[in-house]
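The values are calculated or read from the model by the stated rules, or taken from the named source; none is laboratory data. Every value quoted in this text rests on a predicted model; they were computed, and no experiment measured them. Note that we place each Cβ from the backbone using ideal geometry, even for glycine, and neighbour counts take in every protein chain shown.
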Amino acid sequence: MNSFFKNLASRSMPWLCLSGPSSPIVLSTKMSLARNIAGQLYPDKLDELAGLDVLEDIFEVSESLPDYERLNSYELNTLNEIEKDLLLERSHITHNSVFSGIAGVIIDEEEYFSVLVNDEDHMKIQVMRPGLELHKSWKYLTYVDDIFGKKLKYDFSNDYGYLTASPEHVGTGLKCEVLLDLTGLYLSGQINGLVQSARVFGYELQASENQDNRKPQGRYILSTVKTLGVKEEKIISSFKSFINDVIDAETRSRVKLMADSSHRIQNLVSRAYGTLKYNFMLDEGEAFDLLLTLRLGLQLGLFENLNFKQVEDALTCSGNAHLQSVMQELLSTEDLNKTRASMVRKKIGLAD
Amino acid sequence: MQKICDICKKNVAAIHIEKHAGENHTQMKICCQCAGIEALSPENLKSEDLQKIIADLAFLQKPSEPEVCSECGTTTVDFDKSKRVGCGACYDNLKASLNLHLYPNVIQNKHLGKTPFKLGFEPIQKEEVDELQVLEAKLTSLITDEEYETAAKVRDQIAELKKALS
Ligand SMILES: [Zn+2]
Ligand SMILES: [Zn+2]
């Protein structure tokens, strides 16, 4: 395993740990553009030969990106299982791409920028930032898009804009999303109302699905839906004003929550802390739940000797693929759960 | 014998609709629930209810002819299954199967965003249009053209937009 992967396994995504504008309610911003190359079939229909040609072309053009030295490019079928799982756990690639045979990924050293190649579309160009940074993200994204667009002829129609494999992205090909900590609204039972009103405004609010079948706790992803018949700048500015309304609502509900039930919450958080401190084995879901509860305590100012980065590191690095990358081997479930317990303690400063 | 609703196949049908378009006759029996109205009797049937029912009758439209993309071979059946096209040409070759206007991301069938760099496309200098105005004009023309399937969708979009704006 090369140093890039070793590095990944030891930390969470930097853009998830740093504080940015409007954090800690807005944890991070992600923005992506779907693009296809004219005259080529889309990845689902591409055979291996043509697929690898497309991949090579895109990798070649990426050499003219700024900071090319800081970019790592991989054909996914040249990576081993642990490496692929690691990228999957960090959401840099999708399940679909793991099995495709023609997919690739370009990621910068700090994971602020990536291009997923031959997944659903030929390219998904993506930017990640800490906190709420829509305009900055768009500026960078469209700049990179133009660099690719100067050398590759994009599939574009005057009526439908940028053409994509799924009609859900046709037009601008732009998707904006923010990861939100809505613990206050969640605990006070107001989330479903927010999901509804997001839909009315043309947005989607979903529990962040790191763990299947787990309680969502307070982490949600809010994303844009509209792509055809609206300008990028309009999408972004409307989205921003909706997010600001959500932030206001969350802030109000936290104040109320702490006023009404601070003891109940303190009890919840202290129990999570105790469990994390005194246990021998932790499964993935339990670790996730406990750490999010700890994060809630942090949000509400209940800890002085703990910071967000520690909790985020523990959340990311306690995933199975991360543990196996660190241990450099495949582990049994029991060993995974033991390793996870001590890894989490180490990350949150409770080393055995 | 009581007639069962053609949509839910469960409730008793309350409305019977026939459509005659040239050679084609289509008929349909539906219950109040599927028609989206609380209860229905000739006395309390308002003209707006009737309009709503008509706009909802998307299913009265004959399914379009199966299409196939000459560039990549994707067919209507393929698309219905995967919800993905095989190439850019599909957007024209499978136009009827795609039903673009039904997608929640589609506000109008005209791209307004950025255009590719230096590729000879005329940049689109369209005025920022009032979404609501566009949709309302669309609805009127769709009803005139008897495009009820599309009309129903547009009507819902208008309702949502109005709710959002209020
Ligand atoms: Zn029915
Ligand atoms: Zn095609």
Notebook entry, point to check: residue A:136 fails exactly one of the following numbered conditions: (1) surrounded by fewer than 20 Cβ atoms within 10 Å (Cβ to Cβ); (2) over 18 Å from the mean Cα position of the chain (by Cα). What is the number of that condition?
Noted result: (2)
Checklist line | Residues (facing another protein chain (nearest Cβ under 9 Å) and part of a helix (DSSP H, G or I)) located in the stretch B:80-101 | finding: B:82, B:90, B:91, B:92, B:98, B:100
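Here is a yes/no grid of residues against (1) surrounded by 18 or more Cβ atoms within 10 Å (Cβ to Cβ); (2) out of contact with any Asp or Glu (no Cβ under 9 Å at 6 or more places or on another chain); (3) modelled with pLDDT of 90 or more:
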site	(1), (2), (3)
A:221	no, no, yes
A:227	yes, no, yes
A:286	yes, yes, no
A:305	no, yes, no
Notebook entry, point to check: Can you name the number of the only condition in (1) modelled with pLDDT of 75 or more; (2) within 12 Å of chain A (Cβ to nearest Cβ); (3) touching a helix residue (DSSP H, G or I) at 6+ places or on another chain (Cβ under 6 Å) that residue B:112 fails?
Noted result: (3)
Note to self: Can you find, within the stretch A:35-51, the residue that is nearest to the other protein chains (Cβ to nearest Cβ) among those that are farther than 23 Å from residue A:95 by Cβ and loosely packed, with under 14 Cβ neighbours inside 10 Å?
What the structure shows: A:39
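To keep it simple, each residue is scored yes or no on (1) surrounded by fewer than 19 Cβ atoms within 10 Å (Cβ to Cβ); (2) assigned by TED's automatic domain parsing to the domain that holds residue A:13; (3) modelled with pLDDT of 95 or more.
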| residue | (1), (2), (3) |
| --- | --- |
| A:56 | yes, yes, yes |
| A:66 | yes, yes, no |
| A:77 | yes, yes, no |
| A:99 | yes, yes, no |
| A:106 | no, yes, yes |
| A:125 | no, yes, yes |
| A:149 | no, yes, no |
Note to self: Against the condition in contact (Cβ under 8 Å) with a residue 60 or more places away in the chain and either closer than 30 Å to residue B:75 by Cα or among the basic types (Lys, Arg) (or both), how does residue A:155 come out, does it pass?
What the structure shows: yes
Notebook entry, point to check: Can you spot a residue in the stretch B:123-139 that is exposed (fewer than 13 other Cβ atoms within 10 Å of the Cβ), assigned to a helix (DSSP H, G or I), at pLDDT 90 or above and away from ligand 1 (no atom under 16 Å from the Cβ)?
Noted result: no
Notebook entry, point to check: Is it true that residue A:276 is free of Cβ contacts under 8 Å to residues at least 24 places away in the same chain and surrounded by 20 or more Cβ atoms within 10 Å (Cβ to Cβ)?
Noted result: no
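Do you know which residues across the stretch A:156-202 are in a loop (DSSP other than H, G, I, E, B) and within 14 Å of chain B (Cβ to nearest Cβ)? Break it down stepwise before answering.
So in the stretch A:156-202, the residues in a loop (DSSP other than H, G, I, E, B) come out as A:158-160, A:163-166, A:170, A:172-173, A:182, A:188-190, A:201-202.
Across the stretch A:156-202, the qualifying residues are A:158, A:159, A:160, A:163, A:164, A:165, A:166, A:170, A:172, A:173, A:201, A:202.
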